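Student: Pasting in a structure now, in structure tokens, and then I'll have a few things to ask.
The values are calculated or read from the model by the stated rules, or taken from the named source; none is laboratory data. Since the model is a prediction, treat every value here as computed from it, not as a measurement. As a convention, Cβ positions derive from the backbone with ideal geometry for all residues, glycine included, and neighbour counts pool all protein chains shown. Areas reflect the complete protein model, heavy atoms only, side chains present, ligands, DNA and RNA absent. Shrake-Rupley method; radii C 1.70, N 1.55, O 1.52, S 1.80 Å.
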Amino acid sequence: MSSISLVLLAAGDSTRFGLATKKQWLYQEDKPLWLTLLERLQNIYSFEKVIVVANTQELSLMQRFSSVTFIQGGNSRQESLRNALEKIESDFVIVNDIARACVSEEVILRLIEHAKPSGCVAPALKLSDTCYFDGKPIDREKLLRIQTPQLSCVTTLKELLESAAEFTDESSAFYSANKDVIFIEGTQEAHKLTYKEDLKLLPCLKAPANMAKNGFGIDIHSFEEGKPMVLAGVAIESSFGFKAHSDGDVAIHALIDALLGASSLGDIGELFPDNDPTFKGADSKELLQKVATLVKSVGYQIVHCDLTIVAQTPKISPYKKQMQSTLAEILEIGVSAINIKATTAEKLGFIGREEGVAVYATATLNYYRWDRIEKSLEKKEKRR
Ligand code: MG
């Protein structure tokens, strides 16, 4: 009995997808798509080794969900696959792209059934449309659409991927070296998820659960004479600012930690280390923008944020509205989804002695309702 490993390629940036959330992080009930697919494949066959290729920024987040082996993606599909193969010693490997989210059990079993030493097995579909090539109709009977996942002989694939040539799949690498390529019947369900419009063509997808995730953040900074003061992205009239490696926007730092907390992405120090010269004097609005993009990319939508600024000085109330609209604009949510509260410390402690400011923040996230895109597009059409 030959041994088979599984590689799940889930490191893509979903640049053509057109949504803030990446394909791999579209929630299916209470699990991201990559995990749903991984578990389905593992239920079909007992693989010798399972490797998930992840985006560097998402690696530790993915590791929270599963105990399989995760590795960092390369600059291309081929480089990612080459990195994964270094860890594989089984006879065969099945490589599944996250874009083939609805691959069926029958296809996987058919691939395994046709496994051949030094060969590659690939699902293929015939074309039913009339086809033209170079302006002329051609015999569609001779055409095949090749799908993934494909099953390949590991030693041969390792050798083939050492070459400098770039292949779009394993079958074309095997074909280029005159190795066996065996075609099995593919399925329509294995339609490739590339654009958001493809979502409705994938029958196995399930809507995300109604789930609220909550995060909390706190930050404290002391005052520094002669520095401009910025709080919640707004310039405050003051003869002193905050002592910090960045611009010292203590409100945005607390909010960033709340967002990272709700999305299980760690904390601000892990993302933007204060000993990293890149972030010296950094504009915290830009850091917040980066964090909002990251949080959305891994499957969340920002629902509500609440900040409490504890300051004896400066007086916050004249700036509240501007803070609210500044943060709402960066996070791309309505102003009603941002609440700013201010309080003094009744002259107690370091805040009361006017030595610094503390900010507490909470953030509430929901799983991104990708299943409602169609409806929101319809509404926009009607309003026109
Ligand atoms: Mg800070």
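Student: Would you pick out the residues in the stretch 232-261 that are within 19 Å of Phe216 (Cβ to Cβ) and of a type in the set (A, V, I, L, M, F, W, C)?
Tutor: Hits for the stretch 232-261 are Ala232, Val250, Ala251, Ile252, Ala254, Leu255, Ile256, Ala258, Leu259, Leu260.
Okay, residues lined up against (1) more than 33 Å from the chain's Cα centre (by Cα); (2) over 20 Å from Ile71 (Cα atoms):
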| residue | (1), (2) |
| --- | --- |
| Ile98 | no, no |
| Val121 | no, yes |
| Thr130 | yes, yes |
| Pro137 | yes, yes |
| Thr168 | no, yes |
| Ala173 | no, yes |
| Asp180 | yes, yes |
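Student: Filtering the stretch 244-267 down to residues that are more than 19 Å from Gln301 (Cα to Cα) and modelled with pLDDT under 95, which residue is most open to solvent (accessible area, probe 1.4 Å)?
Tutor: Ranking the candidates gives His245 first.
Every residue, every condition in (1) among the acidic types (Asp, Glu); (2) touching an Asp or Glu at 6+ places or on another chain (Cβ under 9 Å); (3) farther than 24 Å from Lys206 by Cα; (4) surrounded by fewer than 21 Cβ atoms within 10 Å (Cβ to Cβ), yes or no:
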| site | (1), (2), (3), (4) |
| --- | --- |
| Ala10 | no, yes, no, no |
| Gln24 | no, yes, no, no |
| Glu39 | yes, no, no, yes |
| Glu48 | yes, yes, yes, yes |
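Student: Out of the stretch 145-177, which residues are part of a loop (DSSP other than H, G, I, E, B) and either open to solvent by less than 80 Å² (accessible area, probe 1.4 Å) or modelled with pLDDT of 95 or more (or both)?
Tutor: If the condition is that a residue be part of a loop (DSSP other than H, G, I, E, B) and either open to solvent by less than 80 Å² (accessible area, probe 1.4 Å) or modelled with pLDDT of 95 or more (or both), then Gln147, Thr148, Pro149, Ser163, Ala165, Phe167, Asp169, Ala177 are the ones that fit.
Student: Right, Ile333: over 18 Å from Met229 (Cα atoms), of a type in the set (A, V, I, L, M, F, W, C) and not assigned by TED's automatic domain parsing to the domain that holds Met229 or not?
Tutor: No.
Student: Counting only residues that are over 30 Å from Phe65 (Cα atoms), in contact with a strand residue (DSSP E or B) (Cβ under 7 Å, 6 or more places away or on another chain) and near the ligand (Cβ under 9 Å from one of its atoms), how many does the stretch 231-278 have?
Tutor: Number satisfying all stated conditions: 5.
Student: What pairs come up if the first residue lies in the stretch 249-263 and is touching a residue at least 24 places away in the same chain (Cβ under 8 Å), the second is in a helix (DSSP H, G or I) and near the ligand (Cβ under 9 Å from one of its atoms), and their beta carbons are under 8 Å apart, counting only those six or more places apart or on different chains?
Tutor: Partner pairs satisfying both residue conditions: Asp249/Ser284; Ile252/Ser284; His253/Ile268; His253/Ser284; Ile256/Ile268; Ile256/Ser284; Asp257/Ile268; Leu260/Ile268.
Student: Of all residues in the stretch 288-309, which are among the hydrophobic types (A, V, I, L, M, F, W, C) and surrounded by 21 or more Cβ atoms within 10 Å (Cβ to Cβ)?
Tutor: The answer is Leu288, Val291, Ala292, Val295, Val298, Ile302, Cys305, Leu307, Ile309.
Student: Just name the residue that is modelled with the lowest pLDDT out of those in the stretch 270-328 that are basic (Lys, Arg) and part of a loop (DSSP other than H, G, I, E, B).
Tutor: So, considering only residues that are basic (Lys, Arg) and part of a loop (DSSP other than H, G, I, E, B), the one modelled with the lowest pLDDT is Lys280.
Student: Quick test of your reading of the structure: His221 fulfils all but one of (1) more than 16 Å from the ligand (Cβ to nearest atom); (2) touching a strand residue (DSSP E or B) at 6+ places or on another chain (Cβ under 6 Å); (3) over 24 Å from Val295 (Cα atoms). Name the failing condition by number.
Tutor: All conditions are met except number (1).
Student: Which residues, taken from the stretch 126-144, are part of a loop (DSSP other than H, G, I, E, B) and open to solvent by less than 70 Å² (accessible area, probe 1.4 Å)?
Tutor: Listed by number, the residues that qualify are Leu127, Gly135, Leu143.
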